[in-house]
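Structure first, commentary second.
The values are calculated or read from the model by the stated rules, or taken from the named source; none is laboratory data. Bear in mind that the values here come from a model prediction, so they are computed numbers and not experimental data. All Cβ positions, glycine included, derive from the backbone under ideal geometry; neighbour counts span all protein chains shown.
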Amino acid sequence: MAALSIVDLAFRDPVDSSKVAIKRRMLNPDREEIYVTELQLAVPANITATNPFDTSQLRPDYAKIEVGARPLIAPPFAVGSLRPDADAQSDVLVIGLGGSQVNNYLHYKFPKMNITIAELEATVVEMARKYFGLQEDKTQRVFVINGLHLLQKAAKEGRKFDAIYIDACPTRYPYDVEIMCPVPIFLEDNNIELIRSVLKKTGSLVVKLLLFSLDVEEKAEKLADTYRKHFANCAILDMLAPQNRVMVCGREDVPKERYEVAALEANTTKFYKSVGLMDEECCHYGLNECCIIYHKKATATAQ
């Protein structure tokens, strides 16, 4: 069992100190250097660093996504599995809800995208609804279910997805575990083959890696080799945090050259520009430049 807390962080603008940016974070207080998720809140124009306010009343800014999460969202667009078009219709599976940052952005930016989410912990779903603006409607559904079971159900029903995002991590972060994300079931050959079976021929898989290893790059490549036994192409990309990587894999119908790192990086930049993500948030602030506001009664327990 792990205790999860919600904190709001108020950042001062480095140029104009009267301006602030507010971010909400879900974390395990036992290891505050690792947080479950973080998103930006919509800050009214009349709120400044010299005008005190109650941050718990602020709502998420759905049009924005944190710099650290952007490399996780981008790969299916970079390889052509998804189109950065508000009218594009596609089927997307997200395994691991966290604070719903990834699906919040996709749901807002691409309203015709059909998003299915699997989250093991009911507590995490409730926290996402209450604190992170999770919306559920005809194009976004959340199921409290083991992601593997949802994959099995999809395979039985013959469902296929254009993109699958796996952000499956424990809520507890023990110090003796080297591979934190993904959880072990998504490293088993039969389950990787199951994932492949529910991807469309032009679909892509994105897996977030959290590795506490002396050589993160080597460990990430070894994990990718496990997936390369089942997918025609896999690549490892950097994330903001040094212990994080993104793995993207695709089936045979996606041209191999799209999975070359240089091509992925170039097409990711094109995607960022097309949706307005090449912005000032590409610069980030240190925690010593913010104040942390804990939400009262916002601590919950999850498996």
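All conditions but one from (1) within 18 Å of the chain's Cα centre (by Cα); (2) surrounded by fewer than 18 Cβ atoms within 10 Å (Cβ to Cβ); (3) among the small types (Gly, Ala, Ser) apply to SER197; the one that does not is (1). Tell me whether segment 212-235 contains one or more residues that are within 18 Å of the chain's Cα centre (by Cα) and not small (Gly, Ala, Ser). No: zero hits. Of all residues in segment 83-96, those that are in contact (Cβ under 8 Å) with a residue 60 or more places away in the chain and more than 17 Å from ALA266 (Cβ to Cβ) total 7.
Scanning segment 238-251 for residues that are in contact with a Lys or Arg (Cβ under 7 Å, 6 or more places away or on another chain) and in a loop (DSSP other than H, G, I, E, B) turns up MET239, ARG251. Looking across segment 217-235, the residues that are basic (Lys, Arg), in a helix (DSSP H, G or I) and farther than 22 Å from ALA78 by Cα come down to LYS219, LYS222. The sole residue among VAL7, VAL43, VAL15 that is outside the structural domain of ALA263 (by TED's automatic domain parsing), surrounded by 13 or more Cβ atoms within 10 Å (Cβ to Cβ), in a loop (DSSP other than H, G, I, E, B) and among the hydrophobic types (A, V, I, L, M, F, W, C) is VAL43.
Every residue, every condition in (1) modelled with pLDDT of 95 or more; (2) out of contact with any strand residue (DSSP E or B) (no Cβ under 6 Å at 6 or more places or on another chain); (3) not assigned by TED's automatic domain parsing to the domain that holds GLU188, yes or no:
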{"position": "LYS222", "(1), (2), (3)": "yes, yes, no"}
{"position": "ARG228", "(1), (2), (3)": "yes, no, no"}
{"position": "PHE231", "(1), (2), (3)": "yes, no, no"}
{"position": "ILE236", "(1), (2), (3)": "yes, no, no"}
{"position": "ALA241", "(1), (2), (3)": "no, yes, no"}
{"position": "VAL246", "(1), (2), (3)": "yes, no, no"}
{"position": "ASP253", "(1), (2), (3)": "no, no, no"}
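Within segment 190-216, the set of residues being in a helix (DSSP H, G or I) and hydroxyl-bearing (Ser, Thr, Tyr) comprises just one member, SER197. The residue that is modelled with the highest pLDDT, counting only those in segment 172-183 that are outside any strand (DSSP E or B) and surrounded by fewer than 21 Cβ atoms within 10 Å (Cβ to Cβ), is VAL183. Any residue that is closer than 23 Å to ARG25 by Cβ, surrounded by 20 or more Cβ atoms within 10 Å (Cβ to Cβ), touching a Leu at 6+ places or on another chain (Cβ under 9 Å) and modelled with pLDDT of 95 or more - is there at least one of those in segment 74-87? Yes, because at least one residue in segment 74-87 is closer than 23 Å to ARG25 by Cβ, surrounded by 20 or more Cβ atoms within 10 Å (Cβ to Cβ), touching a Leu at 6+ places or on another chain (Cβ under 9 Å) and modelled with pLDDT of 95 or more. Flag: VAL102 matches the condition of being buried (at least 19 other Cβ atoms within 10 Å of the Cβ) and closer than 22 Å to ALA168 by Cα.
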